[in-house]
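Peer 1: First the structure, which I've put down as structure tokens, then a few questions once you've had a look.
The values are calculated or read from the model by the stated rules, or taken from the named source; none is laboratory data. Fair warning: this is a prediction, and the values are worked out from it, not measured in the lab. Positions of Cβ are backbone-derived with ideal geometry, glycine not excepted, and every protein chain shown enters the neighbour counts. When the accessible area is computed, the model is the full protein with side chains, heavy atoms only, and any ligands, DNA or RNA have been set aside. Shrake-Rupley method; radii C 1.70, N 1.55, O 1.52, S 1.80 Å.
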Amino acid sequence: MSPVRVIHASYVNVPATAALPLEPIKLTAMEAIWVIMPVLQHVLLYEGADMPPFEDILQALRSSLAVTLGSFAPLAGKLVHLKDTGDVAISCSASDSVKFVVAESDADVRRLARDEEHDLPVLEQLVPDVDMSKLPAAVLAVQATRFNGGVAVGVTVHHAVADGRSLWTFVEAWATACRGETPALTPSFDRSLVKLPRGEEEEARRIFHEWAPNLPLVTTPPLFLEDRPRFTRRTFTLDMPDIQRLKQHIVHLGEAHDAPLTGPPSTFVTVTALAWTCFARCKPFPLNDDLLLFFLADVRGRLDPPVDRGYVGVCLTRCLVMLPARELRGPRALLTAAAAVQDEIRRMNRDPANQQSHLTPIMLASWDRLMNVSGSSAFAAYDIADFGWGTPRRTEPIRMNHDGQLALMRGRDGLGVQVSVSLLQQAQMDEFKSLFLELVHSN
């Protein structure tokens, strides 16, 4: 028997009072490539003896979702192909709704919420499945799953419509409404706020033509799908004292080798450098191989003019770093990695509107030598996702699509960082863990 069983599915309608856009919302050039990418999926796990009855939780989630869709109405829309122009857009109507799946499970929610190693077969069933292989496609779906002594709230959203910050903006608004409070942030879906120097519509159409030539059919590149069912996943938590020690160690390395950083390493730089050196050492790369690190930067506040922090969409630019495996295994590895990441962030800040596709030829040719970082150490998922029965015991991204992917979010204590890692080989994951913990605790 499946560990998770769907009981039923219904739909939550957009309120009649919601203000709908008069025209379809055309995707920007920053969003175009994400039409072919896997969806964003996150699960929030809650457990405890004082949880409300499941039916009360369902009622609260449904009613507050309806309220939230009053200001997030485009998330209830459909992603459509506008054949006449070649654009892809969010189409909204008064009849729009969001699929709400109800499920139950006999799995041990306490183990799911606390184990370092992930039970992927169960976790993947705690988020709703949405077919996005052909347009029109749903933008958003949610799921509530009953456990003995707990509940899971799962969210699936199309990545062409929302980046990580947008996802958590929506979850925060939904949780706030569920507590009976008024969200502090007003969301905006106005794509005209994103000013890009090479134009919007023509650049987006060029990307659609190159990467999705068979629209309305959407084909996700096989490299995102082939190995995913076999991934080994682990989560590590770095508390603030751990991070501060690592930062100091990197600074001291720079001083000792007369190669000081241009400034103190940020938490993101420190954690990413740590993970990248572990990645370089846990796999049998030849010393002369160039290894790549890829991450995305939120540029809402970096564009000219800046985009409001309540913007719901994809507002990201790519960052790519390359170093020989030899340098990521040497005595200065943490310093070298941190300096390279810092330099790339500085370059990105000089040109935040860089619209190059992140599927560059060098990335595709080096896919097996690349670590991909998603999420952010600034995402305060635990702080914002209190629906009225306490903060989550655990929240995890479900879609990790790469052998060597790192997913970051702020830790449950509100200070540290939660680090989730996916690798194909169990032996390599064991080696990664050993190296990771050794570096954390020896500095």
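Peer 1: Under 26 Å Cα-Cα from K195, which lysines qualify once same-chain neighbours fewer than 8 residues away are excluded?
Peer 2: Once the sequence-local lysines are set aside, what remains near K195 is K26, K78, K83.
Peer 1: While we're here: Provide the solvent-accessible area of D386, counting protein heavy atoms only and rolling a 1.4 Å probe, rounded to the nearest 10 Å².
Peer 2: 40
Peer 1: Name the long-range amide H neighbours of T232: under 5 Å, sequence gap of 5 or more, or other chain; modelled H, no Pro or chain starts.
Peer 2: L423, L424
Peer 1: What is the local net charge at L435, summed over the other residues whose Cβ is closer than 13 Å to its Cβ (Lys, Arg +1; Asp, Glu -1)?
Peer 2: Details: positive: R234, R281, K283, R329, K433; negative: D430, E431, E438.
Local charge sum for L435: +2.
Peer 1: Give me the angle, in degrees from 0 to 90, between the Cα long axis of helix 201-211 and the longest principal axis of the Cα atoms of the chain, rounded to the nearest 10.
Peer 2: For 201-211 against the chain, the angle is about 70 degrees.
Peer 1: Can you list the trypsin sites (Lys or Arg not before Pro) in region 25-95 that are in a DSSP coil and have 14 or fewer other beta carbons within 10 angstrom? Mind showing how you got there, number by number?
Peer 2: Numbers: sites: K26, R62, K78, K83; in loops: K83.
Sparse-neighbourhood loop trypsin sites (Lys or Arg not before Pro): K83.
Peer 1: What percentage of the solvent-accessible surface of region 134-289, computed with a 1.4 Å probe over protein heavy atoms, is contributed by carbon and sulfur atoms? Don't jump to the answer; show the numbers that get you there.
Peer 2: On the way: 3510 of 6760 Å².
Roughly 52 percent of what the probe reaches on region 134-289 is carbon or sulfur.
Peer 1: Would you mind checking the tilt of helix 333-350 against the longest principal axis of the Cα atoms of the chain, expressed as 0 to 90 degrees and rounded to 10?
Peer 2: The two axes meet at around 50 degrees.
Peer 1: Just how large is the dipole of region 7-159 about the Cα centre, in debye to the nearest 20, putting +1 at every Lys and Arg Cβ and -1 at every Asp and Glu Cβ?
Peer 2: On the way: 10 positive and 19 negative charges, 107 e Å.
With only Lys, Arg, Asp and Glu charged at Cβ, the dipole is about 520 debye.
Peer 1: A follow-up question, please. Just to confirm, what accessible area per residue do you get for region 171-325 at 1.4 Å probe, in whole Å²?
Peer 2: Working: 7140 Å² over 155 residues.
Ligands and nucleic acids excluded, the figure is 46 Å² per residue.
Peer 1: For the ranges 93-103, 257-267, 397-407, what's the packing order if you count other beta-carbon atoms within 10 Å of each residue, average per peptide, and put the highest first?
Peer 2: 397-407, 93-103, 257-267
Peer 1: Once you put a point 7 Å from the Cα of A184 and another 7 Å from the Cα of L20, both along the Cβ direction, what distance in nm separates them?
Peer 2: Placing both labels 7 Å along Cα→Cβ, they lie 3.3 nm apart.
Peer 1: Related question: Considering only protein heavy atoms, what is the solvent-accessible area of R179 at a probe of 1.4 Å, reported in Å² to the nearest 10?
Peer 2: In the full protein context, R179 sits at about 80 Å².
Peer 1: Further question on the same structure: In Å², and per residue, what accessible area does region 25-139 have when probed at 1.4 Å with the other protein chains present?
Peer 2: On the way: 4340 Å² over 115 residues.
On a per-residue basis, 38 Å².
Peer 1: Summarise the accessible area of region 1-115 (1.4 Å probe, protein heavy atoms) by the percent that is carbon and sulfur. If you can, show how the numbers build up before the last one.
Peer 2: Values: 2690 of 5080 Å².
Percent of accessible area from carbon and sulfur atoms in region 1-115: 53.
Peer 1: From the phi angles alone, apply the Karplus equation (6.51, -1.76, 1.60; θ = phi - 60°) to region 129-141 and give each ³J(HN,Hα) in whole Hz, x where the residue is Gly or Pro.
Peer 2: Ordered by residue, 3J(HN,Hα) equals 8, 10, 7, 10, 7, 8, 8, x, 9, 5, 8, 9, 8 Hz.
Peer 1: With each pseudo-label sitting 7 Å past Cα toward Cβ, what's the L217-Q59 distance in nm, one decimal?
Peer 2: 4.8
Peer 1: Can you run phi through the Karplus equation (6.51, -1.76, 1.60; θ = phi - 60°) for region 163-175 and list ³J(HN,Hα) in whole Hz, with x for Gly and Pro?
Peer 2: Rounded to whole hertz, the list is 9, x, 4, 5, 4, 6, 4, 5, 4, 4, 5, 5, 5.
Peer 1: With charges set only on the Cβ (+1 for Lys and Arg, -1 for Asp and Glu), what does the dipole of the chain come to about its Cα centre, in debye to the nearest 20?
Peer 2: 320
Peer 1: Among A339, A94, S188, whose Cα lies farthest out toward the positive end of the dipole of the chain, if unit charges sit on the beta carbon of Lys, Arg (+1) and Asp, Glu (-1)?
Peer 2: Of the options given, the answer is A339.
Peer 1: Taking R0 as 22 Å, what's the FRET efficiency between H209 and A353 from their Cβ-Cβ distance, rounded to 0.05? If you can, show how the numbers build up before the last one.
Peer 2: Details: r = 21 Å, r/R0 = 0.96.
After rounding, the FRET efficiency stands at 0.55.
Peer 1: Among 344-351, 27-34, 369-376, 166-173, what's the highest-first ranking by average C-beta atoms within 10 angstrom per residue? Each step should come with its number before you reach the end.
Peer 2: Values: 344-351: 14.0, 27-34: 24.9, 369-376: 21.8, 166-173: 23.4.
Output ranking for 344-351, 27-34, 369-376, 166-173: 27-34, 166-173, 369-376, 344-351.
Peer 1: By per-residue mean of other Cβ atoms within 10 Å, what is the highest-first order of 155-163, 320-328, 52-60, 183-191? Please report the intermediate quantities before stating the final value.
Peer 2: Details: 155-163: 24.9, 320-328: 19.0, 52-60: 14.2, 183-191: 16.0.
Listed from highest to lowest mean packing, they are 155-163, 320-328, 183-191, 52-60.
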